[in-house]
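Q: Below you will find the structure I want to go over with you.
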Amino acid sequence: MVSVTPQQGFDAIVIGSGIGGLTVAAILAKLQGKRVLVLEQHFTPGGFTHSFERLQKFHWDVGLHYVGDMGEGSTGRAVFDYITNGQLKWQKMPDPFEKFVYPDFTFAVSADPLRYQADLIQLFPDEQVAIRQYFRDVKQAVLWFGIQTMLELFPSWLHPLLKPIIHRFGAIARETTQTYLDRNFQDIRLQALLTSQWGDYGLPPSESCFGVHSLIVSHYLHGGWYPVGGGQAIAKSIMPVIAQTGGTILTQRRVTEILLHENTAIGVKVEKPNSLPEYYYAPIVISDAGAFNTYLHLIPPSYPLPYRDSIRAFPKGNSMLTVYLGLKESPEKLGFRGENHWIYTSYNHNAVPLASPLTFTPPFCYLSFPSLKDPLASAHTAEIIAHVNYDFFRQWREQPWRRRGTDYTQLKRQITESLIQLVEKHYPGFQDLIEYAELSTPLSIEYFDASDRGAVYGIPCVPERFDQPWIGAKTPIKNLYLTGTDAFSLGIMGAMMGGVKTAGLIQGPFGFAKIMSTIMQNAARTSNRNPELQVSRE
Ligand SMILES: Cc1cc2nc3c(=O)[nH]c(=O)nc-3n(C[C@H](O)[C@H](O)[C@H](O)COP(=O)(O)OP(=O)(O)OC[C@H]3O[C@@H](n4cnc5c(N)ncnc54)[C@H](O)[C@@H]3O)c2cc1C
């Protein structure tokens, strides 16, 4: 076997440069002085936070439209400031920051949670008691979600004691969102309104658990923020922190195997285009490639894992279509201010994933304007997103990127047109703004992010997710950890906290608490140096 070892002497290897991988790498470097190697299969680092460019002026993010909990003094902001050495700035979105658009009415979501609640009560006065209770239940479900997710940080001898208590306390969080809605609300329009953000966790109310629904609702209760310079600014500002201790990110390096010696991870085998395999060794190996990829593709099949079949059989997450649009002029012309628009053709969110691109009439789309959120944008852009089932695209899977045949290109054109028309119907004049359009399908996500079936939120947050021993940062293999979405939760914040959690586990007893305490102290010291940017486009 040829063994090429271009650079060695790393203290830890991270597989994948998504926000989870970058966070754990930065914390290990900054807090423990570790030299970390991050290996990324894509040619651009950042995972779903990466951006791309067309016509040398249009920039789009592939997996970031807004992040919540980023106000001064918030935990999310403190962690981001820590891992970027305060180099990343955040732009607050306008208030209202979202609009829920239905055939017969539009609801503007305020970034003030009391105002949001009052607006709902004004529309549905008969359901006032249930609405107030809903916001209390959301709070409780979020608390439960946090405790449940952090359980693995407690010593294992405490688990038999803690698990039954946590299980009982989580009754509401563990039921499906639809079960909760049916029990508490009469009006289907109110049920639909409350779950209008379901695209943020990728599962309609009949499939998602109320815990993850609550996590997202609560995450955005104070509005949305956007990284100045776009998603790519995230990796750009974390990379120097990793480099400070001699660490680095190598792109176009696909890890094909985690190397084991007896029951211990000792390194990785890597494929690089037009090269011999490379082998890297380190005493710690961390995977940001997701539970599915790590357990089923990276750990050698000869290793006796008890739960391979259960991972294979577990429900799969939905994927997405995105139309990336370059605009001739500012969408402010049509009254847009940078808020997101969730456009629905019906109140039944549960029917949405059944949309078929073969007769594509989209029942729903999400519209956002990256250029209105980013003060550094060089040209105006928009994105239209729709959730879709991967299986509709499976037939073109084996064909190479950009050479998938005329039927695929024709289908893409059709889908692009119908999504633009759905927006046009609600916002006449929108299509006249368009200079450039490009569609990505689940196959693009699978190709660029290496995620199973182009799933965008990792292992889906159905109620059964909480019972799986393979969800979390710990693995049965010594010195091998998971990070990112499947170690904690979905979204930029969830995956980032997955990075903090993994760093905490590696640090040892009370590691997570110690890291968070350092991060919060850093935030208190630097709070006056990182003023929040306010929306001001006049
Ligand atoms: C269209 C879209 C819109 C979204 N919008 C938002 C939003 O507005 N707000 C929000 O909070 N979240 C949003 N998300 C979700 C969010 O982007 C993700 O949940 C989060 O970024 C996931 O981070 P991660 O670190 O877990 O994984 P990823 O970002 O998926 O990173 C995993 C990395 O591992 C690499 N990798 C995989 N296998 C290998 C291998 N074998 N070898 C080497 N590298 C490998 C991949 O290439 C990738 O770079 C969106 C996602 C999508 C797709």
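Q: Suppose the filter is within 16 Å of the ligand (Cβ to nearest atom), surrounded by fewer than 24 Cβ atoms within 10 Å (Cβ to Cβ) and in contact (Cβ under 8 Å) with a residue 60 or more places away in the chain; does residue 50 pass it?
A: Considered against the rule, which asks whether it is within 16 Å of the ligand (Cβ to nearest atom), surrounded by fewer than 24 Cβ atoms within 10 Å (Cβ to Cβ) and in contact (Cβ under 8 Å) with a residue 60 or more places away in the chain, residue 50 comes out as no.
Q: If residue 86 meets every condition in (1) open to solvent by 40 Å² or more (accessible area, probe 1.4 Å); (2) more than 15 Å from the ligand (Cβ to nearest atom) apart from one, which number is that one?
A: Of everything listed in (1) open to solvent by 40 Å² or more (accessible area, probe 1.4 Å); (2) more than 15 Å from the ligand (Cβ to nearest atom), residue 86 misses just condition (1).
Q: Okay, moving on. Any residue in the stretch 66-77 that's farther than 17 Å from residue 339 by Cα and open to solvent by 10 Å² or more (accessible area, probe 1.4 Å): show its pairings with residues that are acidic (Asp, Glu) and part of a loop (DSSP other than H, G, I, E, B) at Cβ separation under 6 Å, as long as the two are six or more apart or on different chains.
A: Partner pairs satisfying both residue conditions: 72/532.
Q: Quick check on this structure: which one of 114, 37 is at pLDDT 95 or above and either in the same structural domain as residue 199 (by TED's automatic domain parsing) or open to solvent by 60 Å² or more (accessible area, probe 1.4 Å) (or both)?
A: That would be 114, the only listed residue that is at pLDDT 95 or above and either in the same structural domain as residue 199 (by TED's automatic domain parsing) or open to solvent by 60 Å² or more (accessible area, probe 1.4 Å) (or both).
Q: Determine the pairs where a residue that is in contact (Cβ under 8 Å) with a residue 60 or more places away in the chain, located within the stretch 149-166, has a partner that is outside any helix (DSSP H, G or I) with Cβ atoms under 7 Å apart, the partner being 6 or more residues away or on another chain.
A: Matching pairs, first to second residue: 149/488; 149/489; 152/472; 152/473; 152/474.
Q: Filter the stretch 298-323 down to residues that are open to solvent by 10 Å² or more (accessible area, probe 1.4 Å) and not in a loop (DSSP other than H, G, I, E, B) and give me whichever is modelled with the lowest pLDDT.
A: Per the stated criteria, the residue is 320.
Q: Does residue 295 fit the bill of being open to solvent by less than 40 Å² (accessible area, probe 1.4 Å), within 13 Å of the ligand (Cβ to nearest atom) and over 27 Å from the mean Cα position of the chain (by Cα)?
A: no
Q: Taking residue 198 and the conditions (1) farther than 18 Å from residue 97 by Cβ; (2) outside the structural domain of residue 497 (by TED's automatic domain parsing), which numbered condition does it fall short on, given that it satisfies the others?
A: So residue 198 meets the others, but not (1).
Q: Under 7 Å between Cβ atoms, at least 6 apart or on separate chains: pull out the pairs that start in the stretch 284-308 with a residue that is within 13 Å of residue 482 (Cβ to Cβ) and end on any residue that is away from the ligand (no atom under 14 Å from the Cβ) and among the polar types (S, T, N, Q).
A: 284/479; 285/479
Q: Okay, next question. Specify the residue that is surrounded by the most Cβ atoms within 10 Å (Cβ to Cβ); the eligible residues are those in the stretch 53-65 that are within 13 Å of the ligand (Cβ to nearest atom) and not small (Gly, Ala, Ser).
A: 61
Q: Could you check the stretch 243-272 and list, in sequence order, the residues that are assigned to a loop (DSSP other than H, G, I, E, B) and within 13 Å of the ligand (Cβ to nearest atom)?
A: Within the stretch 243-272, 251, 252, 253, 272 qualify.
Q: Given the conditions (1) over 27 Å from residue 228 (Cα atoms); (2) modelled with pLDDT under 95, and given that residue 474 satisfies all but one, which numbered condition is not satisfied?
A: (2)
Q: Looking at the stretch 462-485 only, could you name the residues that are within 11 Å of the ligand (Cβ to nearest atom) and open to solvent by less than 10 Å² (accessible area, probe 1.4 Å)?
A: 482, 483, 484
Q: Does residue 519 count as more than 9 Å from the ligand (Cβ to nearest atom), assigned to a loop (DSSP other than H, G, I, E, B) and of a type in the set (A, V, I, L, M)?
A: no
Q: Within the stretch 297-316, can one find any residue that is polar (S, T, N, Q) and touching a helix residue (DSSP H, G or I) at 6+ places or on another chain (Cβ under 9 Å)?
A: Within the stretch 297-316, not a single residue is polar (S, T, N, Q) and touching a helix residue (DSSP H, G or I) at 6+ places or on another chain (Cβ under 9 Å).
Okay, residues lined up against (1) in contact with a strand residue (DSSP E or B) (Cβ under 9 Å, 6 or more places away or on another chain); (2) outside the structural domain of residue 83 (by TED's automatic domain parsing):
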site: 210; (1), (2): yes, yes
site: 214; (1), (2): no, yes
site: 268; (1), (2): yes, no
site: 283; (1), (2): yes, no
site: 300; (1), (2): yes, no
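The values are calculated or read from the model by the stated rules, or taken from the named source; none is laboratory data. These numbers were taken from a predicted model, which means no experiment stands behind them. Please note: Cβ atoms are built from the backbone with ideal geometry, for glycine as well, and neighbour counts cover all protein chains shown. When the accessible area is computed, the model is the full protein with side chains, heavy atoms only, and any ligands, DNA or RNA have been set aside. Shrake-Rupley method; radii C 1.70, N 1.55, O 1.52, S 1.80 Å.
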